[in-house]
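The values are calculated or read from the model by the stated rules, or taken from the named source; none is laboratory data. These numbers come from a predicted model, not from an experiment. Note that we place each Cβ from the backbone using ideal geometry, even for glycine, and neighbour counts take in every protein chain shown.
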């Protein structure tokens, strides 16, 4: 009887450790255009973020590789200096056991990378870069200070090239373990020459330890039979 109890306990433990993935971002493939995303353009600039299916950017037009998959991708474009942020808020439950950020991205720049301290503002010193960040819920779209919880990318890809997508994957569990609402930001600033930032297949996926219904039913039946088995043994 002790062996049976041990087996049922082990089954229950295995059931509660089974993981289920939950997507926390919407429209990460941009197949619905820019729905669910927020576009913010800094004043006194040119350009914006666009949903595109073409291999030429909407305003310049510069060549790109087009979507990474599907029919549409998100891309920034301009005809002059500008600063543009693409953000989406997402909420994480505090019992998440694993949270992964994934995306495909290229950054085509027609001038050299100039970090300028990572400040998202084309109206001052020379600046030419793209960045990807995890922001606090209430952070301004162009915040590069206390509102930035983590920076995942700051720079450009090969200058003057039509770059292929690079796949990125980050375990952000430790960054969001407290639970709550956060923002994912793709942003760029340029005041030297064109810069096109393209993103596709963006995902924030959480896993939670949940019981499997079939396993729980098996455990329940087994536990229900234990008193009867004990009486028969007596």
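Overview of values
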read-out: Scan of segment 93-110 for residues that are buried (at least 17 other Cβ atoms within 10 Å of the Cβ) and touching a strand residue (DSSP E or B) at 6+ places or on another chain (Cβ under 6 Å), ordered by number; value: 96, 99, 101, 103, 104, 105, 106, 107, 108, 109
read-out: Residue match in segment 57-67 (condition: within 27 Å of residue 136 (Cα to Cα), crowded, with 16+ Cβ neighbours inside 10 Å and either without any contact (Cβ under 8 Å) to a residue 40 or more places away in the chain or in contact with a strand residue (DSSP E or B) (Cβ under 9 Å, 6 or more places away or on another chain) (or both)); value: no
read-out: Selection count where residues are closer than 17 Å to residue 206 by Cβ and either surrounded by fewer than 18 Cβ atoms within 10 Å (Cβ to Cβ) or in contact with a helix residue (DSSP H, G or I) (Cβ under 9 Å, 6 or more places away or on another chain) (or both), scope segment 160-185; value: 12
read-out: Subset tally (residues that are touching a helix residue (DSSP H, G or I) at 6+ places or on another chain (Cβ under 6 Å) and either under 27 Å from residue 29 (Cβ atoms) or buried (at least 18 other Cβ atoms within 10 Å of the Cβ) (or both)) for segment 111-130; value: 1
read-out: Which listed residue is in contact (Cβ under 8 Å) with a residue 12 or more places away in the chain, surrounded by 17 or more Cβ atoms within 10 Å (Cβ to Cβ) and over 15 Å from the mean Cα position of the chain (by Cα), from 157, 133; value: 157
read-out: Strands (runs of 3 or more DSSP E) completely within segment 1-109 that count 3 or more residues being at pLDDT 95 or above; value: 38-41, 48-52, 73-77, 82-92, 96-109
read-out: Answer residue from segment 110-121, given it is part of a loop (DSSP other than H, G, I, E, B) and over 25 Å from residue 165 (Cβ atoms) and is nearest to the chain's Cα centre (by Cα) among those; value: 119
